[in-house]
Amino acid sequence: MPGPADQIVTVSLVDGVARITMNSGRVNALGRALRRALSEALMRVARDRAVTAVLLLGQPEAFSAGADVSELNSPESDNSQSGVAGLGSGVGRPDLRELIALVEDFPKPVIAGITGVALGGGLELAMAAHARISAPGARLGLPEIALGLLPGAGGTGRLPRLVGPERALEMILTGKEVSASEALRDGLVDAVMEDPGSPDAVRWTTEYAATRAPGRTRDRTGKVTEAAAVPGTVSRLAADAVRKARDPYAAQAAVDAMSAGIEQSFDRGANVEQEKFEERVKSPESAAQRHLFAAERAARRPAYLDTDAARAVRRAGVVGAGTMGGGIAMALASAGMPVTVVEAERAALDRGLAQVQKNLAASVSRGSRTQAGATQLESLITGSLDYADLTDVDLVIEAAFEDLQVKQGIFATLDRFVRPDCVLASNTSYLGIDDIAAGTRFPARVLGMHFFSPANVMPLVEVVRGSSTDDATLATAFATARRIGKTPVVVGVCHGFVGNRMLEVRSVQAEQLLLEGALPGQVDQVLKGFGFRMGPFEMGDMAGLDIGWRNRKAGGRTAPVADALCESGRFGQKTSAGYYAYVGREGHDDPEVEQLILEVSRKLGVSRREISDSEILERLLFPMINEGARILDEGIAERAGDIDVIWVKGYNWPAYRGGPMWYADHVGTGYVADRLRRYAEQCGDVSLLPAGFLSKAVDSATSGLGLPG
Ligand code: T1G
């Protein structure tokens with residue numbers, strides 16, 4: 001019965017238990033070939049009298065990562081033919097639902113032995129088995145929402161039957177994975193064993209087969225009876241989470257399916273699930289998130305990166321114990337790396353380390369970290385006032401005051417103390433890496449690592465490649481960012497790099513809109529309606545308006561409304577007044593601000609007018625896209641997808657809108673170019689004229705040209 005090792009499904013018989021092992025690609029994605037091989041193996045085993053039970057296994061890294069994401073693409077052309085990711089009728093039989101039904105209705109007990117990940121359709125397959133054993137390190141989840149989808153193969157029906165509706169909603173609406181011990185506690189798995197393919201697991205399976213009738217998950221009602229008795233319970237439990245979900249459309253669809261499956265019947269729920277799944281898979285929101293899935297993975301392979309050149313980073317240093325420095329130190333220490341934080345003055349160092357302690361204590365009381373974990377992390381962070389304490393570190397990240405001379409001074413000092421092979425990174429948000437590197441003996445080991453605030457939370461790191469940065473430096477910084485769980489994107493040197501350079505053009509337009517007739521509340525509301533969590537003015541108030549004001553003064557620039565606010569002492573939340581008036585953190589429209597804006601418009605001779613929401617949206621987003629086009633043209637970003645990843649991971653661009661460059665393609669690059677031209681004329685601002693590839697997309701009829709990369 002055993003099959004050759006290169007087969008994607010192998011079967012071996014041990015003490016009457018057929019171990020069916022999936023071995024397809026890196027993650028056992030349930031593509032057509034695997035589905036077919038698995039169902040054939042199951043049919044053979046069903047007929048084999050020597051087999052009393054089945055143990056369904058995967059590989060150490062993956063039981064299965066679910067449906068094959070690549071089968072989800074080009075839905076219009078493929079769906080009706082081959083089924084959506086093997087979901088539907090047609091050529092791709094058995095589809096995933098048929099395979100899952102085969103397992104659930106199998107004449108012999110089927111036990112899933114989960115190792116690595118069981119995600120999406122992979123977990124749905126495991127949930128259709130009659131019991132589940134998990135390895136201690138396994139991670140289980142239904143991450144479909146991150147692809148703009150709901151679980152499409154019975155997950156919305158089976159998960160609540162195993163873990164109860166509340167837990168099921170949490171897992172499906174956040175897409176977060178759970179550990180084996182959480183899964184055991186919640187009833188998602190029945191046992192945790194070191195090796196679910198071991199003789200112990202075979203014994204467990206035999207015993208299970210002998211003592212229990214193979215019950216179907218769909219028939220379990222214990223955990224859903226209460227919710228079923230009061231219609232509307234699931235919707236009520238989910239209301240808050242749907243609003244906060246990464247994709248509210250997919251979230252609502254999942255809730256509708258789960259409600260039907262609990263309040264009506266499993267089969268009714270399955271029908272709603274299927275209907276909603278088909279609708280979602282064709283939606284622009286899902287297409288956008290599938291684009292991001294691919295873009296994130298493409299960003300891990302920048303052209304300039306030679307991963308083999310990376311050096312080991314055993315210890316790290318951080319210069320500056322401010323908010324960014326402290327956050328970066330926490331991020332490094334979270335990955336088990338000892339970190340030395342150097343400050344110039346004792347008071348600043350103490351303040352910084354105390355803030356780290358405070359953040360850790362807060363995460364313990366929130367439950368996101370254990371006390372032991374926090375203590376361990378804290379013990380990895382050492383403060384120092386002496387650069388000599390950095391002599392044996394492998395990487396230093398400088399997070400000092402944003403001033404070129406200050407940074408040049410620090411790098412020149414570092415250069416004297418650290419080993420010649422130590423990587424020197426600056427967390428600058430705007431400054432030229434080449435200028436910083438120029439004052440060092442080995443500019444080749446200097447680059448930028450631009451973190452986002454709060455650095456211990458935000459996933460993005462722009463890895464800025466200077467003109468002298470060598471392969472080992474780039475690869476080491478990139479690998480370190482990945483090791484600490486961040487999403488690094490390699491970018492080139494320019495003012496503000498990719499993210500802040502695009503943000504700046506948005507800020508200019510936001511200010512301009514105020515002068516021409518809009519108010520902060522209207523502008524912020526439009527961006528929130530688009531899906532951003534915050535508008536530009538709320539963001540400004542939170543970050544503090546005085547920093548920008550100081551920078552503008554230093555650079556001889558102005559932003560009339562923002563300057564006027566600062567001149568009247570309105571620095572944002574920290575002074576309880578900025579674009580809004582604050583009670584605590586809650587902002588309210590302030591008639592004084594309106595007066596101030598009207599006054600500035602009057603002084604500048606701008607006649608105010610009613611500005612439509614659609615103009616506001618286009619005026620904010622299209623110039624950003626235009627800047628993105630320039631960035632691509634200049635080779636600052638390698639691909640359009642890199643820009644999208646930066647905006648989604650670093651600036652909370654709504655994932656279901658795919659990122660600015662994806663969005664441009666979605667609305668049509670020709671349309672974007674046309675509108676930019678119109679706004680350039682209307683505002684008398686040549687910087688708004690379409691640039692880069694957009695300038696070629698002249699005619700609105702040529703929308704959806706397709707972006708480079
Ligand atoms: N389908 C196809 N390819 C996949 C895949 C999948 N589900 N998951 C990963 N890959 C590829 C990935 O593109 C990469 O390829 C390689 O595997 C390694 O991945 C019906 C409809 C499993 C935790 O959303 O979360 O089931 O770039 O680089 O960091 O309800 O991949 O090397 O060519 O990410 O070790 C739901 C997504 C599907 C899981 C591994 N499942 N995957 O992480 O490596 S929808 C998911 C992951 C579904 C059903 C619905 C991660 C991972 P390449 P990697 P990693």
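The values are calculated or read from the model by the stated rules, or taken from the named source; none is laboratory data. Keep in mind it's a predicted model, so treat the numbers as computed, not measured. Note: ideal-geometry Cβ built from the backbone for every residue, glycine included; neighbour counts use all protein chains shown. Side chains are part of the model used for accessible areas, which takes the heavy atoms of the whole protein and leaves out ligands, DNA and RNA. Shrake-Rupley method; radii C 1.70, N 1.55, O 1.52, S 1.80 Å.
Relative to the longest principal Cα axis of the chain, at what angle does helix 499-516 sit, 0 to 90 degrees, rounded to 10? It is inclined by approximately 60 degrees. For Ser368, the solvent-accessible surface with a 1.4 Å probe is about 80 Å², rounded to the nearest 10. If the limit is 20 Å between Cα atoms, which of Lys176/Lys649; Lys407/Lys574; Lys358/Lys528; Lys486/Lys574; Lys176/Lys528 go over it? Violating the 20 Å limit, Cα to Cα: Lys407/Lys574; Lys358/Lys528; Lys486/Lys574; Lys176/Lys528.
Along each principal axis, taking the top coordinate minus the bottom one, the Cα set of the range 9-282 gives 50, 42, 30 Å in descending order. For trypsin sites (Lys or Arg not before Pro), the sites in the range 378-449 that DSSP calls loop and that have at most 11 other Cβ atoms within 10 Å are Arg441. The local environment of Asp186, defined by Cβ-Cβ distances under 15 Å, has a net charge of +4 under the rule Lys, Arg +1 and Asp, Glu -1. Within the range 9-282, antiparallel bridges make up roughly 35 percent of the DSSP beta bridges whose residues both belong there. Using a probe radius of 1.4 angstrom, the carbon and sulfur fraction of the accessible surface of the range 188-261 is 53%.
If you plug the beta carbon distance of Thr413 and Ala347 into 1/(1 + (r/R0)^6) with R0 = 22 Å, you get a FRET efficiency near 0.65. Summary of the geometry: the range 448-525 and the range 187-244, compared by the centres of their Cα atoms, lie 43 Å apart.
Leaving out ligands, DNA and RNA, what percent of the accessible area of the range 565-709 is carbon and sulfur, probe 1.4 Å? Could the numbers behind the result be given before it?
Details: 3190 of 6550 Å².
Carbon plus sulfur share of accessible area: 49 percent.
How many percent of DSSP beta bridges within the chain run antiparallel, rounded to 5? The antiparallel proportion sits near 30 percent. Exposure check, 1.4 Å probe, all protein chains in place: Arg550 carries approximately 130 Å² of accessible surface. Within the same chain, aspartates and glutamates fewer than 8 places from Lys553 are excluded, and of the rest, those with a Cα less than 18 Å from its Cα are Glu402, Asp403, Glu504, Glu511, Asp563, Glu567. Here Ile547 sits with roughly 80 square angstrom of accessible surface, probe radius 1.4 Å. Surface composition of the range 380-506: carbon and sulfur make up 53 percent of the accessible area, probe 1.4 Å. Other residues lying with their Cβ under 15 Å from the Cβ of Thr211 contribute a combined charge of +1, Lys and Arg counting +1, Asp and Glu -1.
Per-residue Karplus couplings for the range 458-475, computed as 6.51 cos²θ - 1.76 cosθ + 1.60 with θ equal to phi - 60°, are listed in order as 5, x, 7, 10, 7, 8, 9, 8, x, 6, 9, 3, 8, 4, 5, 5, 4, 5 Hz, Gly and Pro entered as x. The range 162-181 and the range 577-626 have Cα centres separated by 42 Å. Of all beta bridges that DSSP places with both ends in the range 307-491, some 15 percent have antiparallel geometry.
Put His291, His130 in order of accessible area, highest first, and with a 1.4 Å probe you get His291, His130. You can think of it this way: the chain between Asp195 and Ser365 has 57.8 nm of extra reach, that is 0.36 nm per residue less the Cα-Cα gap. Normalised radius of gyration (Cα atoms, divided by 2.2 N^0.38 Å) for the range 307-491: 0.95. Modelled spin-label separation between Ala241 and Gln525, with each label point placed 7 Å from Cα along the Cα-to-Cβ direction: 3.1 nm.
Between Thr558 and Arg26, the simple label model (points 7 Å from Cα in the Cβ direction) yields a spacing of 5.4 nm.
Amide H contacts of Ser426: Glu398, Leu447, Gly448, Met449, each under 5 Å away and 5 or more positions distant or on a separate chain (H built 1.01 Å from N in the peptide plane; Pro and chain starts excluded).
3J(HN,Hα) couplings calculated from phi for the range 431-444 with the Karplus curve 6.51 cos²θ - 1.76 cosθ + 1.60 (θ = phi - 60°) are, in sequence order, 6, x, 4, 5, 5, 5, 5, 4, x, 9, 6, 10, x, 5 Hz; Gly and Pro show x.
Probe radius 1.4 Å, ligands and nucleic acids left out: which of Lys223, Lys108, Lys358 has the largest accessible area, and how do the rest follow?
Lys358, Lys223, Lys108
Each Lys and Arg contributes +1 and each Asp and Glu -1, all at the Cβ; summed about the Cα centre of the range 307-491, the dipole is approximately 580 debye.
Residues in the chain average 42 Å² of solvent-accessible surface per residue, probe 1.4 Å, ligands and nucleic acids excluded.
Here each label is just a point 7 Å from Cα along the line to Cβ, and for Ser334 and His495 those points are 3.3 nm apart. Computed on the Cα atoms alone, the convex hull of the chain gives a volume of 174 cubic angstrom per residue.
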